[in-house]
Amino acid sequence: MTQPTYNEHLQQKIEEIYAGGQPKYHEKLKETNKLFVRDRLKQLFDDGIYEEDARFANVEAGDLPADGVVTAVGQIDGQTVCVMANDSTVKAGSWGSRTVEKIIRIQETAEKMQVPMLYLVDSAGARITDQLEMFPGRRGAGRIFHNQVRMSGMIPQICILFGPSAAGGAYIPAFCDIVIMVDGNASMYLGSPRMAEKVIGEKVSLEEMGGARMHCTVSGCGDVLAANEEEAIREARRYISYFPANFAEFPPIDETKAPKSGRTLEEIIPENQNAPFDMYECIEQLIDEDSFFEIKKLFASELITGLARIDGQVVGIIANQPKVKGGVLFIDSADKAAKFITLCDAFSIPLLFLADVPGFMIGTKVEKAGIIRHGAKFISAMSSATVPKISVIVRKAYGAGLYAMCGPAFEPDAVIALPTAQIAVMGPEAAVNAVYSNKIEAIEDPKERIQFVKQKIEEYKEEIDLYKLASEMVIDDIVAPNQLRHTLIQRFNYYNSKQIVLPYRKHPVYPV
Amino acid sequence: MAEVKAQMAGTVFEVSVKEGDSVTKGQTLIILESMKMEIPHEAEADGTVAKITVAEGDFVEENDILVELA
């Protein structure tokens, strides 16, 4: 037998690395509808092309190809991006010291190049046998999270969760701008069900405790629930198309498209303030067709948050949904809005608020859960955002709901009312009850009582009449519904050059 | 058996179906009134109304069962 040439030797080593873990683990991938890490990367990058670093990491170990993680640079729609991707066929994608060092290095590369960083997560967590080398030190796993926090708001950070993200590793998605989860396979948890049973005595399934669906509907740790891996990768590519490479640049402008054909705003929005309608229908009439990328669709759906294009320009939309919970703001909707606004503001994406809000929820349950401090997060994020902000009062905007939805006091570039708008501390019925409750009770004749309430409601409505508010310059304009898209296009275009000098300080004390 | 639960605390404003009715996905079953708003509760899938557990005027807490669909 002849000695292989050095070229053949290299080729053989590379093939071994590219093969990943043992065949039985590749079989397992197939059984669970999962792709091999290198096939995921081929789908993610333009033409499947990428350059990889530290392919030979831990090659001496023999059974740990690439040390269980592929780190690569490639392009998505022509935009250079950095990626780390766990290989679950190698020791269940667990982290050894070289795995961690590779992740840290690709993060450093992303920061130096000022390009988006993607985390393709599918990992069982730390290799406990290697903990001294990978867990506690200066370049241990903690450094990955430190880097994520450091780069937050500097470059977009995106997580696609294909499988587990366990214990400490669960913080990778938590520090990303967005987390796309594959239904049925993705999971995120600090302690596994097995550990939960041993340590606290709880018996629970993985899906119930930390599955993708739970996180996208209940905990809010997930932003997009994808039916399968291909869809998750497509969504990640689509998400990137709304963002600049980093905070210093502007979002890419696309060709304009007309809105989807449908009913007019006049037909969609009922005049009766208490009657529900579907805000999605309203959004569709304002944005370019098929341009909506919704974030946290299944979580706190009384508030809609999503990226869209209006005349080709990217905008972030925050809209109350009167069809769900009456559009009332809750703890989760406040959190959802706060994170979304911060995301848009970091990457120069202008904000459009569509207000139809009866206010924040009241009652013991929400007070005990701290709705005031959660609402403060929403208001604080909205208030500190310096991107162009337009607040459209679609119908009612009552109480702190007006504030949260970027009311006049929060320096929006414009507050625009539709003729159906109603701005007040509270709705007419509630206000009359609050002010005249003693008087109402004192009236004995029921007919007279109803008459009195009716009259007071009418007086109240006159007090908050829209033209009165416009006359006092509380609002900047009243526009006909069929003019709304046009005025938004013009205004967002004019406001592009907006500059705000931030107050001199280190940073605010964030309400949490 | 699918349970339709109250999205939030409020008063039952209208019961829009009867026991035994067949309903289609998206059809309004119950309207609650809360925070001065009408809150429609819709069927998540096609089915038959097996049981209505509330009456108009009842106060319900968040997550209370309103209707059972078979």
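The values are calculated or read from the model by the stated rules, or taken from the named source; none is laboratory data. Because the structure is a prediction, the values reported are computed rather than measured. Note that each Cβ is placed from the backbone with ideal geometry, even for glycine, and that neighbours are counted across all protein chains shown. For the accessible areas, the whole protein counts, side chains as well, though only heavy atoms, and no ligand, DNA or RNA atoms are used. Shrake-Rupley method; radii C 1.70, N 1.55, O 1.52, S 1.80 Å.
Data for the structure
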read-out: Qualifying residue in region A:401-418 (condition: more than 14 Å from chain B (Cβ to nearest Cβ), of a type outside the set (A, V, I, L, M, F, W, C) and open to solvent by less than 30 Å² (accessible area, probe 1.4 Å)); value: yes
read-out: Conditions (1) of a type outside the set (S, T, N, Q); (2) within 14 Å of chain B (Cβ to nearest Cβ); (3) surrounded by fewer than 17 Cβ atoms within 10 Å (Cβ to Cβ); number of the one not met by A:ARG395; value: (3)
read-out: Residue ranges of helices (runs of 4 or more DSSP H) in region A:201-299 with at least 1 members under 28 Å from A:ARG485 (Cα atoms); value: A:229-240, A:265-268, A:279-286
read-out: Filtered residue count, region A:184-234, keeping only those that are over 19 Å from A:CYS159 (Cβ atoms), touching a residue at least 24 places away in the same chain (Cβ under 8 Å) and open to solvent by 30 Å² or more (accessible area, probe 1.4 Å); value: 1
read-out: Scope region A:95-114; condition in a loop (DSSP other than H, G, I, E, B) and open to solvent by 10 Å² or more (accessible area, probe 1.4 Å); matching residues; value: A:GLN114
read-out: Within region A:146-174, tally of residues that are at pLDDT 95 or above and not in a strand (DSSP E or B); value: 14
read-out: Residues within region A:311-333 that are modelled with pLDDT of 95 or more, surrounded by fewer than 24 Cβ atoms within 10 Å (Cβ to Cβ) and within 10 Å of chain B (Cβ to nearest Cβ), tallied; value: 1
read-out: Hits in region B:55-70 - residues which are more than 13 Å from chain A (Cβ to nearest Cβ), more than 11 Å from B:VAL4 (Cβ to Cβ) and of a type in the set (D, E, K, R); value: B:GLU56, B:ASP58
read-out: Matching residues, region A:62-86, being open to solvent by 10 Å² or more (accessible area, probe 1.4 Å) and under 15 Å from A:ALA19 (Cβ atoms); value: A:GLY62, A:ASP63, A:LEU64, A:PRO65
read-out: Matching residues in region A:26-78 - criterion: being on the phi > 0 side of the Ramachandran plot, of a type outside the set (Gly, Ala, Ser) and within 30 Å of the chain's Cα centre (by Cα); value: A:ASN33, A:ASP47, A:ASP77
read-out: Selection status of A:ARG55, under 30 Å from A:PHE243 (Cβ atoms) and part of a helix (DSSP H, G or I); value: no
read-out: Residues satisfying the stated conditions in region A:116-171, i.e. out of contact with any Leu (no Cβ under 9 Å at 6 or more places or on another chain), open to solvent by less than 40 Å² (accessible area, probe 1.4 Å) and of a type in the set (Val, Ile, Thr); value: A:ILE144, A:ILE155
read-out: Residue count for region A:334-351, restricted to those that are within 27 Å of A:ASN272 (Cβ to Cβ) and either of a type in the set (Asp, Glu) or modelled with pLDDT under 95 (or both); value: 0
read-out: Residue in region A:371-380 that is loosely packed, with under 15 Cβ neighbours inside 10 Å and free of Cβ contacts under 8 Å to residues at least 60 places away in the same chain present; value: yes
read-out: Count of region A:437-487 residues which are aliphatic (A, V, I, L, M), closer than 19 Å to A:GLN422 by Cα and loosely packed, with under 11 Cβ neighbours inside 10 Å; value: 1
read-out: Filter result for A:TYR239 (open to solvent by less than 20 Å² (accessible area, probe 1.4 Å) and either modelled with pLDDT under 95 or hydroxyl-bearing (Ser, Thr, Tyr) (or both)); value: yes
read-out: Unique residue being over 22 Å from A:LEU265 (Cβ atoms), out of contact with any helix residue (DSSP H, G or I) (no Cβ under 8 Å at 6 or more places or on another chain), assigned to a loop (DSSP other than H, G, I, E, B) and of a type in the set (S, T, N, Q) when the list is A:GLN499, A:GLN455; value: A:GLN499
read-out: Region B:31-54: number of residues that are under 16 Å from A:GLU302 (Cβ atoms) and either at the interface with chain A (Cβ under 8 Å from one of its Cβ atoms) or of a type in the set (D, E, K, R) (or both); value: 9
read-out: Complete set of residues in region A:357-378 that are under 26 Å from A:ILE393 (Cβ atoms), out of contact with any strand residue (DSSP E or B) (no Cβ under 6 Å at 6 or more places or on another chain) and within 11 Å of chain B (Cβ to nearest Cβ); value: A:MET361, A:ILE362, A:GLY363, A:VAL366
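Residue-by-condition table, conditions (1) open to solvent by 20 Å² or more (accessible area, probe 1.4 Å); (2) under 17 Å from A:ARG238 (Cβ atoms); (3) away from chain B (no Cβ under 14 Å):
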{"residue": "A:LEU265", "(1), (2), (3)": "no, no, yes"}
{"residue": "A:PRO270", "(1), (2), (3)": "yes, no, no"}
{"residue": "A:PRO276", "(1), (2), (3)": "yes, no, no"}
{"residue": "A:TYR280", "(1), (2), (3)": "yes, no, no"}
{"residue": "A:LEU286", "(1), (2), (3)": "no, no, yes"}
{"residue": "A:PHE292", "(1), (2), (3)": "yes, yes, yes"}
{"residue": "A:THR305", "(1), (2), (3)": "no, yes, yes"}
{"residue": "A:ALA308", "(1), (2), (3)": "no, yes, yes"}
